[in-house]
2 protein chains.
Amino acid sequence: MAKQRQRLTDRKSKVTVSDVARMAEVSDSTVSRIMRGQDLVAEATRERVMATVRALGYVPNRIAGSLASLDSRLVGVVIPSLSNIVFPEILQGINAGLEGTHRQSVISVTDYDLDKEEVVVRNLLAWQPAAVLIAGSMHTEATQRMLENSGVRVVEFMEIDHKPIDAAVGFSHLSAGVAAARHLLQRGYRRFGYVGYGGEKDRRALMRYKGMRACLAEAGLAFEAESVSDGQTTVAKGRAQTADICARAPDLDVLTFSNDDMAVGGLFHCMSAGISVPNDLALFGFNGLDIGRALPQPLSTIRANRFEIGKRAVEVVLAGETRPEQSVIVDTGFEIFEGATA
Amino acid sequence: MAKQRQRLTDRKSKVTVSDVARMAEVSDSTVSRIMRGQDLVAEATRERVMATVRALGYVPNRIAGSLASLDSRLVGVVIPSLSNIVFPEILQGINAGLEGTHRQSVISVTDYDLDKEEVVVRNLLAWQPAAVLIAGSMHTEATQRMLENSGVRVVEFMEIDHKPIDAAVGFSHLSAGVAAARHLLQRGYRRFGYVGYGGEKDRRALMRYKGMRACLAEAGLAFEAESVSDGQTTVAKGRAQTADICARAPDLDVLTFSNDDMAVGGLFHCMSAGISVPNDLALFGFNGLDIGRALPQPLSTIRANRFEIGKRAVEVVLAGETRPEQSVIVDTGFEIFEGATA
DNA sequence: GGTTGCAATGGCAGCGCTGTCATTGCAGGT
DNA sequence: ACCTGCAATGACAGCGCTGCCATTGCAACC
């Protein structure tokens with residue numbers, strides 16, 4: 001009475017290379033070569049095998065393949081949020097960059113939480129990705145160490161105001177803040193208000209804020225009123241906070257927003273309240289979203305190219321499997337968009 | 001002279017279970033149990049092993065784990081686009097549903113291209129996912145067959161106007177179109193115009209359009225003017241197309257848009273052109289985006305809950321590993337939001 | 001006929017882990 | 001002293017594929 005060990009395979013009933021090989025009367029190796037698109041296989045054989053593949057509905061198992069070849073072809077992507085449109089835009093850039101390579105992105109979201117980031121990075125690394133693209137430069141010590149020791153290519157994107165683990169792609173948010181303030185000062189504005197969100201959580205918004213504040217300080221000025229809310233950025237919040245700040249500080253002549261979403265909300269408030277923009281109050285955003293340009297008055301803002309950030313980040317990791325001696329920094333820049341609101 | 005076969009492992013220098021086991025003086029099994037959070041391990045042993053894990057910086061290899069256990073813990077997600085905000089919103093729902101389970105989503109984008117969808121689905125299935133969540137019900141024959149034969153749970157989300165492969169979560173876009181038209185007829189509008197995008201590509205927008213048209217036809221009416229553009233939906237296009245249709249058909253009394261993005265653009269045009277909304281011209285969108293509610297005049301539209309679609313889709317697949325006898329259909333519904341523009 | 005060179009194919013040991021079963025050690029009962 | 005039961009741990013064969021090397025068969029040449 002033979003003891004019949006319950007083989008795992010009995011549960012799932014998958015078609016394997018061996019099944020295909022047996023049926024097509026070739027070896028496993030040949031099937032494997034064909035599935036990987038290698039040449040060195042006779043055309044007749046290839047056709048016969050492919051016919052069998054179709055007949056059996058064989059789908060190669062990339063998990064087994066990855067284990068055997070020690071190459072997962074996965075690119076881990078870590079972003080803080082999906083609700084802020086800038087991140088899906090970056091993902092589009094990443095997908096565009098990955099198109100045609102045999103690599104797959106695996107996306108994880110941290111909700112701007114560094115501890116959660118640590119968890120998702122650990123989970124991502126468990127998949128042995130060929131590279132990790134991660135938003136921001138601020139990580140827990142453990143995250144930092146894991147990324148460093150993983151040996152894989154790591155691109156920190158969005159900001160470049162730091163020494164990267166391996167590479168950084170983005171622009172300087174501090175400089176962007178300075179540029180915004182300088183621009184507005186040049187245009188003659190003196191009484192500044194700030195409408196933002198996220199507080200400490202969105203470090204990049206904070207950097208822009210700091211850049212503006214520093215530039216104002218140099219001119220002997222400061223924000224005369226500020227309104228900062230928690231949680232995610234929305235047009236509705238921008239509108240509500242603008243209403244609030246206008247009530248509290250009616251004599252401001254310009255409002256800077258942490259981003260375009262909020263600024264659009266601000267403009268909506270002004271429209272409703274009969275505040276003439278930019279005469280009574282000027283508005284200045286950040287990001288250069290499409291919607292800003294379609295407004296009745298195009299929103300004055302700073303444009304940054306998110307799509308390109310994603311694309312360039314991928315290019316960096318595709319450039320080589322090993323980290324270069326010198327860490328790579330790609331500055332995708334930003335530009336002032338004059339618009340009609342400031 | 002021993003022939004030294006070049007072991008693959010020599011290239012990458014990873015820490016494995018065996019390394020940890022050897023150093024902690026236990027067996028591989030014990031390390032494996034601990035890493036998988038099983039109990040049945042003495043507390044002292046667990047601590048000793050975990051100390052070694054930290055010391056060596058061991059990161060379990062989920063590829064090997066998945067192969068051994070025949071369970072990848074992956075959930076494949078297929079969406080047509082990232083630039084249409086509704087899909088990131090669904091992804092948020094999916095992530096929320098996955099939170100706390102040990103499952104990881106893997107996202108692929110098809111650009112509304114069914115052939116690309118086929119490729120993407122094939123690549124996804126190669127990762128042996130535990131489930132596939134796919135937007136829409138329209139697939140190539142090959143895609144359909146692959147999904148059916150894969151044996152994994154498949155949820156088609158967004159629409160429920162079809163017989164699903166396994167399960168469907170969403171709402172009826174046809175009914176939504178009918179509801180929109182009926183609502184507008186009740187409010188006394190008679191001369192309809194349509195502003196849309198994507199043509200055949202966005203089948204769901206098309207279904208809503210058809211629903212409206214059918215309802216109008218019942219009332220002996222039809223769209224008197226239409227403007228449909230290619231490519232993706234943007235506020236700017238909505239604005240431009242509204243300008244266009246207003247020029248061509250100045251006597252319309254209501255404009256229905258394929259979605260809120262376009263409708264917001266339409267409102268912007270009206271603001272700029274001095275068209276009084278809804279007196280001169282009423283506007284009606286679709287989706288119920290946040291921005292619509294923050295406008296100076298809240299946009300009249302139909303609200304659908306994308307986040308919930310994602311979340312419920314996950315719940316369906318978590319409910320069981322095998323497909324139920326009877327296919328599951330979850331109607332997440334929609335509701336008219338009266339707003340102030342129609 | 002015997003070689004040589006090459007294209008085409010085969011064989012098989014792992015890849016790093018987990019499922020399954022076997023074994024060990026020891027407290028508690030007889 | 002012996003057994004029983006159970007908690008804790010170990011042993012080991014795969015999981016499905018690919019990298020590496022060996023082998024085969026045949027055309028082209030000496």
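Under the criterion of Cα pairs below 8 Å and six or more residues apart, the relative contact order for chain A equals 16 percent.
When a/c reaches 1.5 or more, the comparison of a/b and b/c decides; with that in mind, is chain A rounded, prolate or oblate per its Cα gyration tensor? Note, shape of chain A comes out prolate.
For the protein assembly as shown, what does the convex hull of the Cα positions come to per residue, in cubic angstrom? Walk me through the numbers before you get to the answer.
Values: hull volume 138.2 nm³, N = 684.
Dividing the Cα hull volume of the protein assembly as shown by its residues yields 202 Å³.
Within the shell of other residues whose beta carbon sits under 13 angstrom from the beta carbon of A:Val119, the net charge comes to -4, with Lys and Arg scored +1 and Asp and Glu -1. Between identical copies, the spacing of B:Ala142 label points, each set 7 Å from Cα toward the C-beta atom, reads 4.5 nm from nearest to farthest. Averaging over all projection directions, the Cα-based convex hull of the stretch A:128-167 occupies 2.6 nm² in the image plane.
Divide, for the stretch B:173-304, the radius of gyration over alpha carbons by 2.2 N^0.38 Å, where N is the residue count. Write down the numbers at each step before the final one.
Working: Rg = 13.0 Å, N = 132, 2.2 N^0.38 = 14.1 Å.
Against the empirical 2.2 N^0.38 Å value, I get 0.93 for the stretch B:173-304.
For B:His269, B:His102, which order do you get if you count the other beta carbons within 10 Å of each Cβ and list the fewest first?
B:His102, B:His269
Taking a ≥ b ≥ c as the square roots of the eigenvalues of the Cα gyration tensor, the stretch A:237-342 is classed as prolate, since a/c reaches at least 1.5 and a/b is larger than b/c.
Straight distance only, please: which aspartates and glutamates reach the Cα of A:Lys210 with their own Cα at less than 16 Å, same-chain residues fewer than 8 apart left out? Reachable aspartates and glutamates: A:Glu159, A:Asp161, A:Glu200, A:Asp202, A:Glu218, A:Glu224, A:Glu226. For the stretch B:130-229, applying the loop criterion from DSSP together with a ceiling of 14 other beta carbons within 10 Å to the GluC sites (Glu not before Pro) yields B:Glu200.
Where Lys and Arg each count +1 and Asp and Glu each count -1, what net charge lies around B:Ala55 among other residues with Cβ under 14 Å from its Cβ? Taking every other residue near B:Ala55 into account, the sum is +1. Each residue of the stretch A:158-241 gets 111 Å³ once the volume of the Cα convex hull is shared out per residue. Here the dipole of the stretch B:173-304 is about 320 debye; that uses its Cα centre as origin and unit charges on the Cβ of Lys and Arg (positive) and Asp and Glu (negative).
Could you work out the local net charge near A:Ser172, counting Lys and Arg as +1, Asp and Glu as -1, over the other residues with Cβ closer than 11 Å to its Cβ?
Details: positive: A:Arg204, A:Arg208; negative: A:Glu159, A:Asp161, A:Asp331.
Within the 11 Å Cβ shell, the charges total -1.
Choose one answer from A:Ala249, A:Ala21, A:Ala180: the residue with the largest mean-square fluctuation in a GNM of chain A with alpha-carbon springs under 10 Å. Checking each option, the largest mean-square fluctuation is seen for A:Ala21. Springs between Cα atoms under 10 Å define the GNM used for chain B, and in it the highest mean-square fluctuation of B:Gln186, B:Gln297, B:Gln232 occurs at B:Gln186. Given +1 at the Cβ of Lys and Arg, -1 at the Cβ of Asp and Glu and no other charges, the dipole of chain B around its Cα centre is 1240 debye to the nearest 20. Rounded, prolate or oblate for the stretch A:11-60? Axes are the square roots of the Cα gyration tensor eigenvalues, ordered a ≥ b ≥ c, and the cut-off for rounded is a/c under 1.5. Prolate is the answer for the stretch A:11-60, as a/c is 1.5 or above and a/b outweighs b/c.
Show log10 I(q)/I(0) for the stretch B:1-135 at q = 0.13, 0.14, 0.21 Å⁻¹, two decimals, from a solvent-free Debye sum over equal Cα scatterers. Reported log10 I(q)/I(0), two decimals: -0.76, -0.83, -1.15. Ranked from shortest, the separations from the 7 Å Cα-to-Cβ label point of A:Asp230 to its equivalents in the other copies are 4.9 nm. If you plug the beta carbon distance of A:His102 and A:Arg54 into 1/(1 + (r/R0)^6) with R0 = 22 Å, you get a FRET efficiency near 0.55.
Taking N as the number of residues in the stretch A:71-194, what is its alpha-carbon radius of gyration divided by 2.2 N^0.38 Å? Write down the numbers at each step before the final one.
Numbers: Rg = 16.9 Å, N = 124, 2.2 N^0.38 = 13.7 Å.
With N residues counted in the stretch A:71-194, Rg over 2.2 N^0.38 Å equals 1.23.
Each Lys and Arg adds +1 at its Cβ and each Asp and Glu adds -1 at its Cβ; summed about the Cα centre, the stretch B:12-60 shows a dipole of about 220 debye.
Each value in this text was obtained by applying a stated rule to the coordinates, not by laboratory testing. Please read all numbers here as calculations on a predicted model, not as lab measurements. Note that each Cβ is placed from the backbone with ideal geometry, even for glycine, and that neighbours are counted across all protein chains shown.
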